[in-house]
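The values are calculated or read from the model by the stated rules, or taken from the named source; none is laboratory data. Keep in mind the model is a prediction, meaning the values are calculated, not measured. All Cβ positions, glycine included, derive from the backbone under ideal geometry; neighbour counts span all protein chains shown. All accessible areas refer to the heavy atoms of the entire protein, side chains included, with ligands and DNA or RNA removed. Shrake-Rupley method; radii C 1.70, N 1.55, O 1.52, S 1.80 Å.
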Amino acid sequence: MPEIEKNETQGRYFPAEIEPKWQARWDADPALYAAEPHSSGKPKFYCLEMLPYPSGQLHIGHVRNYAIGDALARFMWMRGYNVLHPMGWDAFGLPAENAALKNNTPPREWTLKNIAQMKVQMRQLGLSYDWAGTEVTTCLPDYYRWNQWFFLKMVEKGLAYRKSSKVNWCPDCATVLANEQVVGGCCWRHEDTIVEQRELEQWFLRITKYADELLDGLDKMPGWPEKVRTMQRNWIGRSEGAHVDFRVAAMANTPAITVFTTRVDTIFGATSIQLAPEHALVKEWVKTDAALAASVDEMIAQQKAARETGDIGNIEKHGVSTGKHAVNPFNGEMLPIWVANYILADYGTGAIMSVPAHDERDFEFATKYGLPIKRVIAPNLDTDELPLPYTGEEEAVLVDSGEWTGEACLEAQDKMANFAEEHGFGKKTTTYRLKDWGVSRQRYWGTPIPMIYCPEHGVVPVPEKDLPVLLPEKIEITQEGGSPLGKVPEFVNTTCPICGGPARRETDTMDTFVDSSWYFYRYTDAKNSTAPFDSEKANYWFPIDQYIGGVEHAILHLIYSRFWTKVMRDLGLINNDEPAERLFTQGMVIKDGAKMSKSKGNVVSPDDMISRYGTDATRMYALFAAPPDRDLEWQEEGVAGVSRFVARVYRLTSKFAPVVLQVEKGTHGDEIANVAFAAQTPAGEKLIRTLHQTIAKITEDFSGRWHFNTCIAAIMILVNEIQSAEAAMDSGEISPATIAEIFKTLVLLLAPFAPFVAAELWEQMGGTGVLFRQSWPVADAELARESEIEIPVQINGKLVVVVKIAADSDEEAMKTAAMAEEKVTTRIEGKTVVKTIVVKGKMVNLVVK
Ligand SMILES: [Zn+2]
Ligand SMILES: [Zn+2]
């Protein structure tokens, strides 16, 4: 670590002295970052960063996330907004249990200790959170009781239900995973652990009830990144189509096979029916057909293997004929019924009609097994030669399709589905990829599900007045044998709320994504002990004006919290349909080209950076090194460079602070307000111009593009100019009033990015009050305007010369200036100017013959 030696030279920058001094002052004022009452009359701004999991250590990715939010919150305060800037802890979850196993520390103790450590780090970073007013810790009963309360409301509304189902099981987590938590067949937390399928009784939340609204809402969210909306659209996976029933031939008592198809218009081209190996009919038929049973078992094994490698879409296709036939209800044709390993029982109806002429997958299968291929659609009726499979639908028409021949495909899809419905063998249907949200987890460190099992009354909800169902604190955590809570008799054994007889509690806890689905509502009223929050408060602050977090939450947290918002709206708790007006997903911080990880040894510690370069330089670097939506390659030399820049700002500002003080006191005679009109030297004028250009750039960027990297670059350019004008400031060539204007504004511009040094310099210049409550400087367009601009002059579209003219020159003046250039006059000599095109402020083009 480089030794920073303190000497007495004035103007040397010592972040290790400045930063703790200001942090202590800020800590002493718990109301410093508090939101104002709704009656303040100011416009509101809810600035939110995703809350962290309390692992115990902030990583540098957190620093980037919070630096963005903090800069925005400070900027909005300076713009006169009433800002809510909260923080909390997503404190339930598996790592606490794993730590308990490893270190024999109770999860609660481990978690609270980590929170305390991280809070120290966050304060060190100077982040402007209203801890006193908003802090939410999801593992504490004052929060999770409301998870339970919402759960009961959902039970009441039929939105929470229990069923036995096949679930994803991670043997390492020893718990169920949601579909969203299975990545390529493996656990999202254990990249190398293959997820198994198990049959369990589970609690589900009926998110599918909102599937259409969740999908359609995405079109009305222009403030969300398109990539996130696309990911959510795909995840919901709505497909419009039809169910069609195929009767099984010569088996009167067998139920018809229902297939789902998005292309009912191709039904005359169906040449077989394909069933999933686990389809109910197949299960029947294998009982009396040993050969079929053997093939089916093999296919089930193949599916399991493919599922486990996450490659089910690319499974090598196999099938076997059942020897039975189904009847195409549109034309009475007999179609052979096959069982195929690429059809999944839990997708659609587990049965498809195979149309090899018009589907890639069916074509491949039919070719392999020699099934007929029958063309029934074509670009037009006269098409003879057509390479198959042909899958067009927009321009295509039906051929060889009986009475439907000649119909356009898209219209036929509609009409044929209606026809099926009228004749009782099908209907229009929409299917979704989205499944209901399984929330049961066989873990200890989560919200207990507030349900009771009575031998007499079955499943009984815990009465609201008995909430919260507290997590027992004394518990031995092991990794086997189901839910840890099941081994705590004081927890499990209870009485039935209806009959008072002995009963058992549910021992599963809720998925921790429940906690983060509504935490940001709780921030608006974090101390409420009688309701999750006060509706009036939530309605004042919502929707969130700016939500900032990682794109990895695009389909888990961000779909669940949209769902939760809609449920709360339907419960009458809030008015908004969506949680956040704008979403920003910042890029990752990487090192040596790779994601940071302990195993790669490329982890950058924020504490290290802060002790070497100070918080301001570390935060500013996180914003400066890349546009915030891109990945950032962390380079320590970069932080050092920003630190040198801050030191330069510090030296210059400290040096001229006495001048600013004198001007403020009026001892210099000329007033700040007169800067614009005072007789300016060219040097002063140039500085003021750059200053106002910088204000304009930063202001604009905050409200739109968020290219903080170029904002900070603009401040660096400004500081370079100030430095080159240092002699002119020393000599009096630049007036004291101008100097005061320059430095006061510079410090205001730095406040969102480097709050410590900005506060220090503000104080040195005699500034009073809290810096980030000062008004943000306003760019004066007149002062920002360049006095001269460069205009390219073209002859017949070819650049001839560039002329410098007054920035406000009109078309006539531009033309005159162009025609006066020698390079122009010599080229048009003896020729005729047939046309002169002048674009004001941009260019002059002469058309010459
Ligand atoms: Zn796992
Ligand atoms: Zn009972």
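Here are some notes:
- Cβ-Cβ contacts under 7 Å between residues 6 or more apart (or on different chains), taken from a first residue in segment 166-178 that is farther than 14 Å from residue 192 by Cα to a second residue that is away from ligand 2 (no atom under 16 Å from the Cβ) and among the hydroxyl-bearing types (Ser, Thr, Tyr), are listed as 176/440.
- Scanning segment 162-175 for residues that are away from ligand 1 (no atom under 16 Å from the Cβ) and open to solvent by less than 40 Å² (accessible area, probe 1.4 Å) yields one hit, 165.
- Filter pass, residue 42 being assigned to a loop (DSSP other than H, G, I, E, B), more than 18 Å from residue 70 (Cα to Cα) and among the charged types (D, E, K, R): yes
- Restricting attention to segment 550-560, the residues being closer than 14 Å to residue 517 by Cβ and not in a helix (DSSP H, G or I) number 2.
- Test set (1) in contact with a Pro (Cβ under 8 Å, 6 or more places away or on another chain); (2) touching a residue at least 40 places away in the same chain (Cβ under 8 Å); (3) open to solvent by less than 60 Å² (accessible area, probe 1.4 Å); (4) farther than 18 Å from residue 524 by Cα - residue 59 fails condition number: (3)
- Flag for residue 96 being in contact (Cβ under 8 Å) with a residue 60 or more places away in the chain, open to solvent by less than 40 Å² (accessible area, probe 1.4 Å), away from ligand 2 (no atom under 16 Å from the Cβ) and closer than 30 Å to residue 303 by Cβ: no
- Applying the criterion of being open to solvent by 30 Å² or more (accessible area, probe 1.4 Å) and not in a strand (DSSP E or B) to the residues of segment 628-646, the residue that is nearest to residue 61 (Cα to Cα) is 631.
- Residues in segment 175-188 that are in a loop (DSSP other than H, G, I, E, B) and either under 12 Å from residue 513 (Cβ atoms) or out of contact with any helix residue (DSSP H, G or I) (no Cβ under 7 Å at 6 or more places or on another chain) (or both): 178, 184, 188.
- Check on residue 229, open to solvent by less than 70 Å² (accessible area, probe 1.4 Å), more than 16 Å from ligand 1 (Cβ to nearest atom) and within 30 Å of residue 94 (Cα to Cα): yes
- Out of 486, 458, sole residue that is in contact (Cβ under 8 Å) with a residue 12 or more places away in the chain, small (Gly, Ala, Ser) and open to solvent by 20 Å² or more (accessible area, probe 1.4 Å): 486
- A single member of 688, 722, 712, 742 is among the aliphatic types (A, V, I, L, M), under 29 Å from residue 545 (Cβ atoms) and in a helix (DSSP H, G or I), and it is 712.
- Summed over segment 150-161, the residues that are open to solvent by 20 Å² or more (accessible area, probe 1.4 Å) and assigned to a helix (DSSP H, G or I) give a count of 3.
- The condition of being touching a residue at least 24 places away in the same chain (Cβ under 8 Å) and over 21 Å from residue 516 (Cβ atoms) holds for only one of 67, 91, 73, that being 67.
- Residue match in segment 569-584 (condition: of a type in the set (Gly, Ala, Ser), closer than 24 Å to residue 130 by Cβ and either buried (at least 22 other Cβ atoms within 10 Å of the Cβ) or modelled with pLDDT of 95 or more (or both)): yes
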